[in-house]
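Visitor: Take this structure first; my questions come after.
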Amino acid sequence: MSLREHALSLFRSAVGTVRPAPMMKRALKLQGDRCPQLLVKGQAFPVKRDLYLVGFGKAVLGMAAAAEEILGDRELFLDSFRGGLGYQICQWCDYLSHLTREMLLKPHSKIQVIEGAKNNLPDAEALKGAVAIQELAEGLTADDLLLVLISGGGSALLPAPIPPILLEEKEKLTKTLASRGAAIQELNIVRKTLSVLKGGGLAQLAYPAQVVSLILSDVIGDPLDIIASGPTAASSHSVQDCLQVLAKYNLLHDLPKSVETVLSSSPTKPTAPENYSHVSNIIIGSNTLALDEAKQHAESLGYAALVLSAGIRGEVGRVSTLYCQLIRLACLGLAGRAEEPLGDEVRGNLLQLAAELEIPGLDLAKFLQALRGLGPERPVCILAGGETTVQLQGSGKGGRNQELALRVGLGLHRAQAMEGSSPQGRCEIIFFSGGTDGQDGPTEAAGAFCSPGLVAEALQEGLDVEAFLRNNDSYTFFSQFQGGHHLLVTGLTGTNVMDIQAILIRAL
């Protein structure tokens, strides 16, 4: 198999382990007849009277279908609580037709589906779903159990802005923040400050019912109050944090009057954590889980595999430099030259860059020590995940994964041109970056592949990589280059745990 085929196999393996059905079946069980209990990763939750289910996000329909199948295996349970299974599910627009059969509901499902948040922005349909969920939560009692399914994309759903903010005003503010390069954590701080249901609002409305949330994390570090803007988690942020984000992106003086009104009247401190004693938030899927699966798969293919981090973040230009330096060092190792002065120089550059990027949980010195110990006998696979950002400067079409791959390709080309007898020339190298949801920006691609020869080969086709990058037009480049062969196209996957990157290297 080629390195590209191996890379594609790794990506599919990683995504497969966080698909809704297998993930839910690992996490959720129902036991007992007269006194039924939900078991979630070993924790037991008694169902005293009625069980209700709500959900939102890219993976929610598949998660709900799996949950209904698990609950539906027990006829006595369903007979005893007939009419008490109230389902309300929100899902992205234009998404249902792409789902596989296992992610679709049964013909006579009790689940109501409301599609919304087209292009990951709040809209009227998402608001309709949010209002329905709000009304359901407000009617619960102490004997009810609310099962909440949360996944990536949930932040654009449940938009219900705090009056007098209009949905259009909140949508415009979200769009502006994203276009100026705001990270997902920053976007969510603003969203939840201006929302009825986010920032723990759903959990507070459901009180005194027992709330159990099953969460598929699409945020670095899996912070409960940031994933989908934390509808069932105590917020760790205050209105002051929201104001700081708005100030950072020069938006404080351009806010609608309604937003100013809400911000001026918002509590200065978050709700106390003890007010969430009726809530259990449980992570059942994450980028870390996907990377662990990819590592095992790489080792089964004969690679010496290492996971760099599940928390890669930062602007794509800086992150691409990090990956290019890692590739240089790995090639030096395969060539037996890692201990030469050049190896020391590259290690120093990497340590400085990692410190600047402040990647959470990354012990780069320890990683580089492990990389040094691999030896030249086996091909190397370096895996990572997270979510980068792109500072928009042009009007092209693309996504962070495609731009990252294109920038890595350009970086490798420049390194080869400068060094002449670079050890890269004696290695076969491929890099890819892909979104686990199967969609990178407003394109049908999940991401893209690159290699050191990409820039030179593109020039032969009359394609100037740097010009495409200046216009943030990575998708157009990859579509035109070699007939789109370097695009990673998987179709929508029905899940989302951020992005996955891989470097595959073997000696020639």
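Visitor: Mind listing whichever residues of region 413-443 are surrounded by fewer than 24 Cβ atoms within 10 Å (Cβ to Cβ), of a type in the set (Asp, Glu) and either modelled with pLDDT of 90 or more or under 26 Å from the mean Cα position of the chain (by Cα) (or both)?
Guide: Hit for region 413-443 is GLU428, nothing else.
Visitor: I've got another one for you. Could you give every pair whose Cβ atoms fall below 8 Å, whose first residue belongs to region 1-30 and is among the small types (Gly, Ala, Ser), and whose second residue is in a loop (DSSP other than H, G, I, E, B), counting only separations of at least 6 or pairs across chains?
Guide: These pairs meet every condition: SER9/MET1; SER9/LEU301; ALA14/THR436; ALA27/LYS41.
Visitor: For PHE449, indicate whether it is in contact with a His (Cβ under 9 Å, 6 or more places away or on another chain), open to solvent by less than 10 Å² (accessible area, probe 1.4 Å) and aromatic (Phe, Trp, Tyr).
Guide: On the way: in contact with a His (Cβ under 9 Å, 6 or more places away or on another chain): yes; open to solvent by less than 10 Å² (accessible area, probe 1.4 Å): yes; aromatic (Phe, Trp, Tyr): yes.
Taking the combined requirement at face value, the residue satisfies it.
Visitor: Now a separate question. Residue under question is ALA355, and the condition is that it be modelled with pLDDT of 90 or more and either assigned by the TED database to the domain that holds VAL316 or within 20 Å of CYS427 (Cα to Cα) (or both); does it hold?
Guide: Yes.
Visitor: Look at LEU504 and say whether it is modelled with pLDDT under 95 and crowded, with 17+ Cβ neighbours inside 10 Å.
Guide: Answer is no for this residue.
Visitor: Consider ARG318 against the criteria (1) surrounded by fewer than 16 Cβ atoms within 10 Å (Cβ to Cβ); (2) over 30 Å from ASP473 (Cα atoms): it satisfies all of them except one. Which criterion is unmet?
Guide: Only one criterion is unmet by ARG318, namely (2).
Visitor: Would you confirm, using the coordinates I've provided, whether LEU322 is closer than 26 Å to GLU403 by Cα and either assigned to a helix (DSSP H, G or I) or without any contact (Cβ under 8 Å) to a residue 40 or more places away in the chain (or both)? Talk me through it step by step, then tell me what you get.
Guide: Details: closer than 26 Å to GLU403 by Cα: yes; either assigned to a helix (DSSP H, G or I) or without any contact (Cβ under 8 Å) to a residue 40 or more places away in the chain (or both): yes.
Answer is yes for this residue.
Visitor: Give me a count of the residues in region 149-180 that are part of a loop (DSSP other than H, G, I, E, B) and farther than 17 Å from LEU252 by Cβ.
Guide: Number of matching residues: 11.
Visitor: So which residues in region 157-206 are in contact with a Phe, Trp or Tyr (Cβ under 9 Å, 6 or more places away or on another chain), open to solvent by 40 Å² or more (accessible area, probe 1.4 Å) and under 30 Å from LEU39 (Cα atoms)?
Guide: Hit for region 157-206 is GLN204, nothing else.
Visitor: Do we find that LEU492 is modelled with pLDDT under 95, more than 27 Å from GLY311 (Cβ to Cβ) and either among the β-branched types (Val, Ile, Thr) or surrounded by fewer than 24 Cβ atoms within 10 Å (Cβ to Cβ) (or both) in this structure?
Guide: no
Visitor: Still on this structure, I have one more. Going by what's in this entry, would GLU387 be described as at pLDDT below 95, assigned to a strand (DSSP E or B) and open to solvent by 20 Å² or more (accessible area, probe 1.4 Å)?
Guide: Spelling it out, GLU387 is indeed at pLDDT below 95, assigned to a strand (DSSP E or B) and open to solvent by 20 Å² or more (accessible area, probe 1.4 Å).
Visitor: If you check ALA456, ALA446, ALA405, which single one turns out to be over 28 Å from ALA290 (Cα atoms), in the same structural domain as LEU308 (by the TED database) and either out of contact with any Lys or Arg (no Cβ under 6 Å at 6 or more places or on another chain) or modelled with pLDDT of 95 or more (or both)?
Guide: After applying the criteria, what remains is ALA456.
Visitor: Here is a follow-up. Mind checking whether some residue in region 20-35 is on the phi > 0 side of the Ramachandran plot, under 18 Å from the mean Cα position of the chain (by Cα), buried (at least 18 other Cβ atoms within 10 Å of the Cβ) and not basic (Lys, Arg)?
Guide: There is no residue in region 20-35 that is on the phi > 0 side of the Ramachandran plot, under 18 Å from the mean Cα position of the chain (by Cα), buried (at least 18 other Cβ atoms within 10 Å of the Cβ) and not basic (Lys, Arg).
Visitor: Would you confirm, using the coordinates I've provided, whether SER151 is in contact with a Leu (Cβ under 8 Å, 6 or more places away or on another chain) and at pLDDT 85 or above?
Guide: Details: in contact with a Leu (Cβ under 8 Å, 6 or more places away or on another chain): yes; at pLDDT 85 or above: yes.
Spelling it out, SER151 is indeed in contact with a Leu (Cβ under 8 Å, 6 or more places away or on another chain) and at pLDDT 85 or above.
The values are calculated or read from the model by the stated rules, or taken from the named source; none is laboratory data. Note that the coordinates shown come from a computational prediction; the quantities given were computed from them, not determined experimentally. Please note: Cβ atoms are built from the backbone with ideal geometry, for glycine as well, and neighbour counts cover all protein chains shown. Accessible surface is based on the protein model in full, side chains and every heavy atom, while ligands, DNA and RNA are left aside. Shrake-Rupley method; radii C 1.70, N 1.55, O 1.52, S 1.80 Å.
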